[in-house]
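The values are calculated or read from the model by the stated rules, or taken from the named source; none is laboratory data. Everything numeric here is computed off the predicted structure, so don't read it as measured data. Ideal geometry is used to build each Cβ from the backbone, glycine not excepted, and the neighbour counts take in all protein chains shown. Please note that ligands, DNA and RNA were not included when accessible areas were found on the heavy atoms of the full protein model with its side chains. Shrake-Rupley method; radii C 1.70, N 1.55, O 1.52, S 1.80 Å.
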Amino acid sequence: MTTIDEKHSGPLLAGMSSSQCDALCTQLREDLVRSVSQTGGHLAANLGIVELMVAIHQVMDTSQDRLVFDVGHQCYIHKMLTGREEAMDTIRQFGGLSGFPKPKESVHDAFIAGHASNSVAVAVGMAQARDFLGNDYKVAALIGDGALTGGLAYEGLTNGGACKGQLLVILNDNGMSITRNVGGVAEHLARQRLKPQYLSFKKFYRRVMNTNFVGRKVYRFTHHLKESLKHTLLPCSMFENMGFTYLGPVNGHNVEALARILRYALELEGPVLLHVRTVKGKGYPPAEKNPDAFHGVAPFDPETGEPQKAAGENFSAVFGRKLLDLANTDKRVCALTAAMSSGTGLEEFAQKLPERFFDVGIEEGGAVSIASGMASQGAIPVFAVYSTFLQRGYDMLIHDVALQNLHVVLGVDQHRAVELPGPLKHMAQTVQVVAVDGTQIRESHVLKQRTAGPENPLQRGLDSVVEPVDTALLRIRPKELPVEFFKMVIGRFAPQTAQMLG
C-alpha cells in the first residue's frame, strides 16, 4: 500500500484535485485515530485541523517557509504530511516521534512548541530576522482561540501589527466565542470577501490605482470608505485596530477554499490574520461528541472510543477530593486553574462550589497574581497546576507571593520525568524554579536571594513538605493536605497516593 508520506507530501499536494484532497483527509483521519488509539496522545485537536493542514502544505514549503505551532499538540497531521507517517505508531514513545514539533526531528518543524500563546511573538521574530537579513521565505503562526486567553498572545499581536514584511497569523477558532454574533449580513459579507472573484479584483484594483497620483488618492478614499463599512458590519475590528489585515471567517473544513485564501494571504505584505472556523474532533463521532475527553487520551478502542483499560484513581482525583473537603470546612479556601480543571482534578469542586472556583484560561502567571490578590484579602487560594506550566509563573511566585509572605497554596501535579509527553513536559525544566531535592531546596542560592530570609513562607513551606529520594524524583510526605503556604503536592503516584494522603 502506498503511504501518505510517499504519495502526498511536498509539492505533489499542490496539484491534487478537490476530490483527491477529500480522500486524503479521510485517510489522514483514519490513520490518526488508528495510531493514537495505540499510543495515546492528543486526538481531538488534530482531527479538527486536517483540512487546514492539507491546505497549508499545498501553499507552503515548510522545509523553507516557517510554520510556528502554538502549544504544538496539534502537529500530528503536519508530521504525517512531512515524511513521518510510517513512524506515527512510535509517537510519544521512547526513541520515537515527539508529540510536539521538534526541529532536531525534522527540518519541517520550525520551532519547539509545548506551552501556549507564544507562537505569534516567535513568528514576529522570524519575520523580522528574515527581513533585516535579506532572506526570502514565508512565516505563519497557527494559534487556537484558547491560546488567545494568554496575555503573551496579545504581546505578539501588538508587535506583529507593526511588521512591514509578510506575516500571517492563522487563528483556528474551534469553540470559544471570540467574535460577537452580528447576524446574517455580516456572514454574507464575509463570504463575499473570500470569493476568488473578489480577491482577484482587489489585487487588480490596487495595482491599477497605484500607477499615478490621482489613482492613489481615489484608492485611499474608497479604501477608507470600505473600511468604515466593514468595521460597522464585520467582527474584525480588534485585529485590524492592532494593525492586521483581517480575513475571514472561513470554513476550516473546505480544503479548496482554504488553499485559495491562504495563497492570497501569503501574497500580502504586512501582517495578516486569517480567521478559520473548525470543529474539534471532526470526523470521529466519539471525539466530536465529547472533544474535551478526547483532547489527550490514553490508548483506546478505535471502534467504540472506550479506553483499553479503566484508569485507577490518580493523584489529581485524590487532590481534588481532599481540596473540596477542606473547602467545605473553611469558607476561605478557593481553587484556581489555568484551563486545566479536568487535568488537575477540580471538576467536582467547580460543580459544587462554583462561587469559589476560578478558571483564568491559559494564564499561569495571571493565576499566581490573582491568587496573591486573594490571599492579601484573607482568602486561602489553592492554585492547581502542572509542574511544567508553573514555570510560566516564576516571576509572580517571587514578586507577588513570596516577597509579601502571602498565604498561597500550590497543588503541583506531574512533578516528575513524565514518560509519554517527552522532554517538554519533564520536571527538569521546573527543577530550576522550584525543586531538585530537599537538600538543594534548602541550599538554593536563587531561592535565598529572592526571598526575604529564613522566616519567609516560600523557604519554610518548601523545607517542610518535600524530602529527597534522588536528584530526579520527589515524593509526598504522608501528612494531611494543607493550608500552610506552598504545600507541594507532587507527582502522579496513584494508587499509592490515596493511602499516603489518608
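P(r) for region 241-349, from all Cα pairs and a bin width of 10 Å, is 11, 25, 22, 22, 16, 4, 0 %, short bins first.
Taking all Cα pairs closer than 8 Å and separated by 6 or more residues, the relative contact order of region 51-138 comes to 35 percent.
Note on region 265-308: Cα-Cα pairs beyond 16 Å make up 51% of the total pair count.
Among the GluC sites (Glu not before Pro) in region 301-375, those placed in a DSSP loop whose Cβ has at most 11 other Cβ atoms within 10 Å are 303.
Note on residue 137 and residue 87: their simple-model spin labels are 1.9 nm apart, each label 7 Å out from Cα toward Cβ.
Please give the net charge around residue 138, taking every other residue with its beta carbon less than 10 angstrom from that of residue 138, where Lys and Arg add +1 and Asp and Glu add -1. Net charge around residue 138: -2. Mean projection of the Cα convex hull over all viewing directions, computed for region 310-419: 7.2 nm².
With K and R counted +1 and D and E -1, the other residues having a Cβ less than 13 Å from that of residue 338 yield a net charge of -3. Pairs exceeding a 32 Å alpha-carbon distance, out of 282/331; 102/352; 164/289; 104/164; 104/282: 282/331; 102/352; 164/289. Between residue 104 and residue 18, the contour length at 0.36 nm per residue exceeds the Cα-Cα span by 27.6 nm. Figure note: 282, 289 ranked by solvent-accessible area, largest first, 1.4 Å probe, ligands and nucleic acids not counted: 289, 282.
Ranked from largest to smallest solvent-accessible area, with a 1.4 Å probe on the protein heavy atoms, 66, 392, 332 come out as 332, 392, 66. Considering only Cα atoms, the convex hull volume of region 8-96 works out to 94 Å³ per residue.
The residue 329 and residue 399 beta-carbon pair, evaluated with R₀ = 25 Å, returns a calculated FRET efficiency of approximately 0.20. A simple count of charges around residue 369, restricted to other residues whose Cβ falls under 12 Å of its Cβ and scoring Lys, Arg +1 and Asp, Glu -1, yields -3.
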